[in-house]
1. Restricting to the range B:281-327, give me the number of residues that are more than 7 Å from every other protein chain (Cβ to nearest Cβ), outside any helix (DSSP H, G or I) and under 24 Å from A:His460 (Cβ atoms).
2. Hey, among the residues in the range B:223-245 that are free of Cβ contacts under 8 Å to residues at least 24 places away in the same chain and hydrophobic (A, V, I, L, M, F, W, C), which one's farthest from B:Gly45 (Cα to Cα)?
3. Got a sec? Which of C:Leu354, C:Leu325 is facing chain B (nearest Cβ under 9 Å), assigned to a helix (DSSP H, G or I), closer than 30 Å to B:His19 by Cα and not aromatic (Phe, Trp, Tyr)?
4. For the range C:149-190, name all the residues that are part of a strand (DSSP E or B), over 16 Å from C:Asp230 (Cβ atoms) and touching a residue at least 60 places away in the same chain (Cβ under 8 Å).
5. Of all residues in the range B:5-23, how many are within 14 Å of chain A (Cβ to nearest Cβ), touching a helix residue (DSSP H, G or I) at 6+ places or on another chain (Cβ under 6 Å) and either surrounded by 20 or more Cβ atoms within 10 Å (Cβ to Cβ) or in a helix (DSSP H, G or I) (or both)?
6. Given A:Asp415, A:Asp410, which one is at pLDDT below 85 and either at the interface with chain B (Cβ under 9 Å from one of its Cβ atoms) or in contact with an Asp or Glu (Cβ under 7 Å, 6 or more places away or on another chain) (or both)?
7. With (1) of a type in the set (A, V, I, L, M, F, W, C); (2) under 30 Å from C:Leu313 (Cα atoms); (3) within 23 Å of the chain's Cα centre (by Cα) as the list, and B:Met152 as the residue in question, which single condition is left unmet?
8. Those residues that are facing chain A (nearest Cβ under 7 Å) and either within 19 Å of B:Thr296 (Cβ to Cβ) or assigned to a loop (DSSP other than H, G, I, E, B) (or both), I need them from the range B:256-272; list them, please.
Amino acid sequence: MVCDWDHRVFCHLLIAWAAAQENRLWVDKYAPETEVDLAVHKQKIEDVRRWLREAFSTQPISKYRRLLVLTGPSGAGKTATLRVLSGEMGFSVIEWISAQQSPLDAYGYADENISGDDLYESAMDKFETFLARAGNYRSVFNNNPAQSSSSDSPTQNAVILLEDLPNILHEGIRQRFHSAIHRHVQRSTIPVIIVVSDAGVRGETEEVGAGPLRWSRNNEVSARFNPIAVTFLTSALKRVRIRAGAAVVSDSVLTNIVESVSGDIRAAIMALEFTAVRAGAAGSQKRGRNGPANASLESLTRKENALVLFHLLGKVLYNKRKGDPPPNHATKREATNLRKIDSKLKDEPPLQAWFNHEARATSRVSADELYSSTPIDASLFSLYIHQNYTPFCATLEHSDALIDNLSWVDANGGDNWYEQNPYAFHLYALGTLHALPTPVPHVGQKFYKPELFDVGKRAHEASNAIDRVRGWLSDRSPENASTWTRTAVALELGVVLRAKDMGMQKPPHGHGLFSEMRFVHGAGNAEVAGERETGGVPVSEEEPKRRLDGDDAQGTWLEDDDIEDW
Amino acid sequence: MDNLVIQYRPRKLDELHYHHGLSERLKSLASSGDFPHMLFYGPSGAGKKTRIACTLRELFGPGVEKLKIDQRVFMTPSRRKLDVNVVQSNYHIELTPSEVGNYDRVVIQEILKEIAQTQQVDISARHRFKVVIINEADSLTRDAQAALRRTMEKYTTNMRLILCANSTSRLIAPIRSRCLLVRVPAPSMEDVVGVLEYVAGRACRGNSPDHAACTVVAKEAAGNVRKAILALEALRMQNPLFSEPITVAKPDWETYCQRVGDMIVQEQSPARVMEVRAKYYELLSHCIPPTVIIKTVADRVVDKVDENLKADVMHWAAIYENRMRVGNKKIFHLEAWTVKVMSIVKHFFYDIDLTGFDDYP
Amino acid sequence: MENFFQVKSYGKKAGKERAEENTDLQPWVEKYRPKTIDDVSAQEHIVAVLSKTLSSKNLPHMLFYGPPGTGKTSTILALARQLFGPDNFRNRVLELNASDERGISIVREKIKNFARQTPRAEVGVSSDGRTYPCPPYKIIILDEADSMTQDAQAALRRIMENHARITRFCLVCNYVTRIIEPLASRCSKFRFKPLDPAATTARLQHIATAEKVAAPPPVISALISASSGDLRRAITYLQSIARLHSASSTETEIVPEDVQEIAGVVPDEVVKGFARSLGVDVQSDDEDIEMDGDSERPRGFDAIRRKVRDFMLEGFSASQIISQLHDLIVLHPTLTARQKAKCALAMAEADKALCDGADEELWILEVAVRVHRAVLA
């Protein structure tokens, strides 16, 4: 029986391997092998290399080089960097792959009445064993044929790579995970490298990865990888194109790919492969037809991507209506195009005389289209509008109508999913369009990311500070605990806390988070999220876009959890 | 020597400084042996909790003052863990379920069930029931209130409830009608001065503030004794001799809100809207409740604008505060109010004959 | 120890005896529940119909509706007691009265299980020496049926059909419109009208006498107005007052103000003073007393704001103030209908806002200002 099973698995693996050699995805097939191929910033590579060198050195500093955390969006080249360096510096990578084990686990247990916890527990057991073994008997793992040439030397270095983390959302698991890592770092000399990928705009990152991954005592160093810059990405894609012999893909398609993936090299190569295959299939036809390729590209690389968002915001906030004059810099063709579009728009039926002040020309923006093409939900959409509307309003009355609409929609629809207003997005969009002047004067408006997330984070910290103060109070007398509710501390205690700071008795550190406010004139500190001149073609600027991505990630996370609290 | 609020708090009903009639009633109620569920309500800082503590002492003797803090862990239906601090003695338990937000029902149900099903262990206890104090009862969710109502009917033998709330408006009628209502109004100015003089006399022997100084502090506190004592404490630390002039320190947020009000009155433009928004964000990130923000800013604006505009300013404050309660994104409503006020003020200056002032919906 | 086993006063015999031992601690609402349907206050028409069912032994499904405290639950309990007697009451009557205990699962499990059981035939003389008709069906009482979910009501409909032979349902609710039509149409509907003051007075006086509480007529009428016709609330208030006064060391008489304090009602003079400061022309009961010496005509917004702030410091509940102000204005002899309508509109909005949890001070101020404008206009 056992033999039989083994045999089957062996056959299966053999077949899979053979198929893989033939038919591997380009992402794997053309994975970078030298530093030159890596699209990652040189500085970043150097950072990691230096860390590794220190970790393998015999100097005392190696003690502090036991744990490295690489973070960054997916496809930023985190793992690839490590692999390239492994080849270059000649160390082996001992990898924890939970994915290989989980299918067996799943088949074994999933349909039984074993709770999820038990399943994770067993995965956790495996993980602990893996770590312990990897720390002690590394040579056992060192049988990778690709590495065999260099692994002959007895001084072979190794790192443990953790990419597929066990599910550490669960408190108990997380603790075990942390202590396992901690134990390992204490005992073993083999450095551990943890790779954590952020998710996209929706960003569960904080929850899944980095959040629970905060170590305090371990000598952990973390390096953050940014999305790959356009120039790097383009040259990397071109290299792949040459190596794959996919000349059918034109430069303009390449540019399109680069634009649409927001720095995710894996997605870019996938898209390239896909386009090449399609183009190859339709090879006999005319080359360089961008249209259909573009359409499919978008669906292929659809991340909740900042550019789409910009486009959307621009459409809403510039509020183009039928009969608006074309922008100054528009070419003749564009102008005629606009007229053509306008002629297709139906005029709104006339309003009663007493309601005439609400009459508007037909909008060139269709709320339905917006809704179907938007990468974000109504709530986030409203936050973006709120953050950015003021420069688009010519007068206070425009602002009034606009913000009143936001307020009204927000107040109509409940917190729970089943109470949510299904038309919220449309209401936000239409109300905003209705309130804005037309045409909106172009005065070099910029787009900002919503500050609210940052505010939510700070409020959270302040609320923790309040709890610390309450804890401090009730340590002195339990009676305090009942007297000082959160609100009372936040609103009333500040006076005394400040006075105490000046005196001898020190209240807990950090009460200033809620008790101290200095009034300074001036506007907010919103970061520029990106800018462009017109409502037309989006300008792709790498830096701002990345920032937007990153901040959204924490933003959405906060929104689910915190914003509704206040 | 810290925290005068706790240190010189009256421990017995007889020691209370004001509302003597009320103390008398509580005293007789506590001694009657037939103690009902009670609901204490009144503005914050009027002394509800002090009265509750005194009543408990009257009921059970000095044993109730042996307090300990317990951290309890509750599981929500979605298996999220809730940590709740409960203060308790052998005779009572005190909780603030509203601190866990929407999960307050879980806490109410678990704790009350537990209390109701355990007997008083202490044989020498004067009463066989335990008292459960529920703070901020008016911010309980409807669900939690319904659960509370059920337990009030079900477990009357082993448990009495004392609810503490700022107002009865938000409590469902069945709860109100099952409790003995005890209104604790804010003390008068003279009462507050009396309390301050008592506390100061004990705390700052030698150079305690004179009557005039106490009056200044009391006036600033507007009926909130806790606030008054805190102000006294801060004053003592900054000005130990209580020499003239007496300036009562205000919390930063209060001054900040007033400055925001000034900003609104000074200039009305989309750019100013942005500036004011930044201020609101600052306030919100300091955990100042949005209702407090809108009320404080509105108070300032009302003081500064023309008589004809005052009612409108407050009208919109009421409208948007209401929306704030219903909605999620507090900043929208704060800002909508701000813009509305700005536009009212602006029109008043540029367009005096703005008609239709009186017939808003 | 006996307290531990205390149960509701009706039903269980063992419980009843114990309950009688400490009737002091028993809510008067339970203690003075009508024992027979003839004791039910002021619902003569319904009583007449129901007494017939007593002799005929047959009973339709019933739907009782009407404002709270008009005797709906009391009536069905009394009827059930008269039908089954103390011995069989427990196994023949199921009462479910909690709003949160009646999801669809409860309907499926508890009600269905009870409805399914075939009642044992019980005839002969009961333990208290009387004979009860004890008809061959069980009664399921669903109190506050209007708070059941639609699903649960639909499930109920099926159970009603399937077990009609051996089970009668009595739905009790405040709002008949919240009962789904198929369910309502299967029941005989009984509308309980609001109690008239005479009947309430009689009942309260009866209880006061029985409990030896000195309650002069002004106190009784204060009780009735504070409880707005809800007899249960009135009795609860009466008990609270009696409790406070029997406990107090100094012998004082009960006065109407005590009632208002217990009930959380704002004293009349305070409300009148408030109305007066808003420009409403109110005659004081006691001409000499002017609230806060604030007798002059209002001096604009700031005066109103100050007044409202004082109100908040007094701790009165906003909804209570507004509802009392509403009564005062709507019944006001000289204000025009248009003025009253404007005021009522403002109060309606305020009530909605307060239900949503809006800030009390802001909304009292809002009402105050709008009343002020309406009255001066």
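1. First, pick out the residues of the range B:281-327 that are more than 7 Å from every other protein chain (Cβ to nearest Cβ): B:283, B:293-294, B:296-306, B:308-309, B:312-313, B:316, B:319, B:324.
Going one step further and asking which of them are outside any helix (DSSP H, G or I), we end up with B:305-306.
Retained after the next criterion (residues that are under 24 Å from A:His460 (Cβ atoms)): none.
Matching residues across the range B:281-327 total 0.
2. Of the residues in the range B:223-245, the ones free of Cβ contacts under 8 Å to residues at least 24 places away in the same chain are B:231, B:234, B:237-239, B:243-245.
Keeping just the survivors that are hydrophobic (A, V, I, L, M, F, W, C) gives B:231, B:234, B:237.
Numbers: B:Ala231: 13, B:Ala234: 17, B:Met237: 22 Å.
By that ranking, first place goes to B:Met237.
3. On the way: C:Leu325 fails: facing chain B (nearest Cβ under 9 Å).
Exactly one residue qualifies, and that residue is C:Leu354.
4. As a first pass, look at the range C:149-190 and keep what is part of a strand (DSSP E or B): C:167-173, C:188-190.
Filter again for over 16 Å from C:Asp230 (Cβ atoms), leaving C:167-171, C:188-190.
C:Arg168, C:Phe169, C:Cys170, C:Leu171, C:Ser188, C:Lys189, C:Phe190 - these are the residues of the range C:149-190 that are part of a strand (DSSP E or B), over 16 Å from C:Asp230 (Cβ atoms) and touching a residue at least 60 places away in the same chain (Cβ under 8 Å).
5. Residues that pass the stated criteria total 3.
6. Values: A:Asp410 fails: at pLDDT below 85.
Just one listed residue meets the conditions, A:Asp415.
7. Tallying (1) of a type in the set (A, V, I, L, M, F, W, C); (2) under 30 Å from C:Leu313 (Cα atoms); (3) within 23 Å of the chain's Cα centre (by Cα), B:Met152 fails exactly one: (3).
8. Those that are facing chain A (nearest Cβ under 7 Å) and either within 19 Å of B:Thr296 (Cβ to Cβ) or assigned to a loop (DSSP other than H, G, I, E, B) (or both): B:Tyr256, B:Arg259, B:Gln268, B:Ser269.
The values are calculated or read from the model by the stated rules, or taken from the named source; none is laboratory data. Quantities reported herein were computed from a predicted structural model and do not represent experimental measurements. A quick note on method: Cβ atoms are made from the backbone with ideal geometry, for glycine too, and the neighbour counts reach across all protein chains shown.
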